[in-house]
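Written below as structure tokens is the structure these notes are about.
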Amino acid sequence: MGVVLKGDKVLWIVAVVLGLVGLLVVYSATVGLVFRYHPEMPEYYLVKHGLTFLMALFLAYLIHLSDYRRWGPIFEWIWWGSIGLLLYVFFRGQGAQRWIYVGGISLQPSELTRFALLGLLAYRMAAAPERLKSWSGLVPLLWRIALSFLLIAPLNLSNGLLLLFISLAFLYIGGLPFRLFIRIGLIGLGVVGMLFLVAPRARIWQQRLLMYWKGELTVNSRMDDYQRAHASLAVYSGGIWGKGPGHSTQRYSLPQSYSEVA
């Protein structure tokens, strides 16, 4: 029996291509980690990420064969579970720690929350499109978006803003009237502004914005500017096309060349 591939073929091609590009990025960026933790196997993270990618493709294939309408209630449960994990990370009180490690497996709860929230929104909008036309119908969706954002953003502003932007775009594409979209967007901007005043990492965000506006770039300055300075040098030295996978130089200077420090 042959493989049955349903859905948009272009989306499958895009997903595979992005995954393969991700393999090159991981192989290039994790050289520091390899020499630190796995010098005996330089391809450790490449193999690990490749196996994860293949497993993800296999799961995606199995899921796409099922009836998507059955996943609505499941997204609800996954979202609630991710909220519990976010609460654990939020109150653990370890600075910018955003990961949970269980049995050698790392999990970033914010990624699980984004996946579950978008699935939940899609399910609820498809089941009752008219809910987007009034505040009473929007409230059950908005408070879920707000709670997810407020638990992610204080420790990981970039991921929180990404979730907020995608969620609002989801609502607009789903049929949210433009006037309500603008109002909700303004409310979101107000909440982000409040976070810049009261969030645990607010002072760090403010300093980074000030350094960016002033145009300061000092590779020997404080550590909160060190990452940005060397990242900027990497973009400058790479030019338009970059140096290619495996040929980067700033990865040896960046303490977090393989991840994002927001």
Discussion item. Contact list please: Cβ distance under 9 Å, first residue in region 172-188 and closer than 14 Å to LEU142 by Cα, second residue among the basic types (Lys, Arg) and assigned to a helix (DSSP H, G or I), pairs at least six apart or on different chains.
Written reply: LEU176/LYS133; LEU180/LYS133
Worksheet item: Does ALA146 satisfy the condition of being of a type outside the set (Lys, Arg) and closer than 13 Å to GLY72 by Cβ?
Response: no
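Looking at SER82, SER28, can you tell me which residue is under 29 Å from GLY119 (Cβ atoms) and among the polar types (S, T, N, Q)?
SER82
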Discussion item. So, in region 124-161, how many residues would count as being touching a residue at least 60 places away in the same chain (Cβ under 8 Å) and in a helix (DSSP H, G or I)?
Written reply: 8
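Values in this text are rule-based calculations from the coordinates and carry no lab data. Keep in mind the model is a prediction, meaning the values are calculated, not measured. Note that each Cβ is placed from the backbone with ideal geometry, even for glycine, and that neighbours are counted across all protein chains shown.
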